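Read the figures in this text as sums done on the coordinates, not as results from a lab. On a predicted model such as this, the values are computed, not experimentally measured, just so you know. Cβ sites come from the backbone with ideal geometry, for glycine too, and all protein chains shown count toward neighbours.
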Amino acid sequence: MRFQRKNLPLASFGPLLVVAISVFASCYGTAIMAQQQQPPKTETMETEITIQGIKGNICQAMIGEKPWLLQIDPKLTVEVIGTAEVDFLPLVQAPLMLRFKAEVHKKKMEATEPVSAFEVINISERDKPGIIDDSPPSLDEPKKGPPPQTVPVIVQGPVTGLKNGILQVGKVKIKVDPAAVIELNLTDPRALALLPPATPLTCKIEYYPGMDGRGILKDVKVKLAEPLAAPKKPMPKKPASAKDKAKNKGKDPEPTAEEKPDSDKKPANEEKTAETEKPGDEPTEEKE
């Protein structure tokens, strides 16, 4: 038994062809849109920058002689290592804090000796403000009699006050040795605002090729060459008193040293006459 082949009219494939073309066009269009919406790949470079200023999460810096605007990554890692001067201690406020060892009077909460070694660190989950007993462990039985009035402790906390040369950290009051050694070990991005201008930083920057001058600040490492000191404030001008204002009211401003007339200075012709005429000489008469 033979089957006869029938030629189907082309019009019968019309609906299927339309559906196939529509599906292909839709898939192709989606692929093109996905390719267009895909952001360009970023590149990373490790370089040295100098910070000119920080405002919010934007950092203005120089890479060589070219200015850059850098967005500070929320997950920025920072490492600042160095030392500081004694006048920097009052600036240690949260999120920074001091860590030091001292022998402290239990009732007065005062250190018995000036503190000569400090460490400036960040407040974190691992390091929190507080007072830790630093007494050495002992297996001996406690001695009879009244307990000691002082105890060795480790103090951690931001500076809460400075009065008459007494620095207060939390509840503990201490005197600072003028030759104290202060080490910096900071990991908080806000520590960058404490650095003096033009401090060189080694960092990683993520940027888009073709968009020079803009990027994202990723990792920062700073090793200070000089001790960090408190910024020097200009001496304020002493305001004029009410008595001086009343005295100078209605008067013309005094002339400067250049504007003042030199009353002692003689005219040029008088100076020449004084030089040529010697004391004791009489003028001579001309003979005809």
Is the shape of the stretch 136-198 best called rounded, prolate or oblate, per the rule: a/c under 1.5 gives rounded, else a/b larger than b/c gives prolate, else oblate, with a ≥ b ≥ c the square roots of the Cα gyration tensor eigenvalues?
-> prolate
Hypothetical label at VAL151: residues of the stretch 92-120 whose amide nitrogen lies under 13 Å (7 Å Cα-Cβ projection) | 103-110
Write out the GluC sites (Glu not before Pro) in the stretch 125-216 meeting two conditions: DSSP loop, and at most 14 other Cβ atoms within 10 Å of their Cβ.
-> GLU125
The stretch 57-185: proportion of alpha-carbon pairs further apart than 18 angstrom, % | 62 percent
Given a Förster distance of 45 angstrom, what is the FRET efficiency for GLN71 paired with ASP140, based on the Cβ-Cβ distance and rounded to 0.05?
-> 0.15
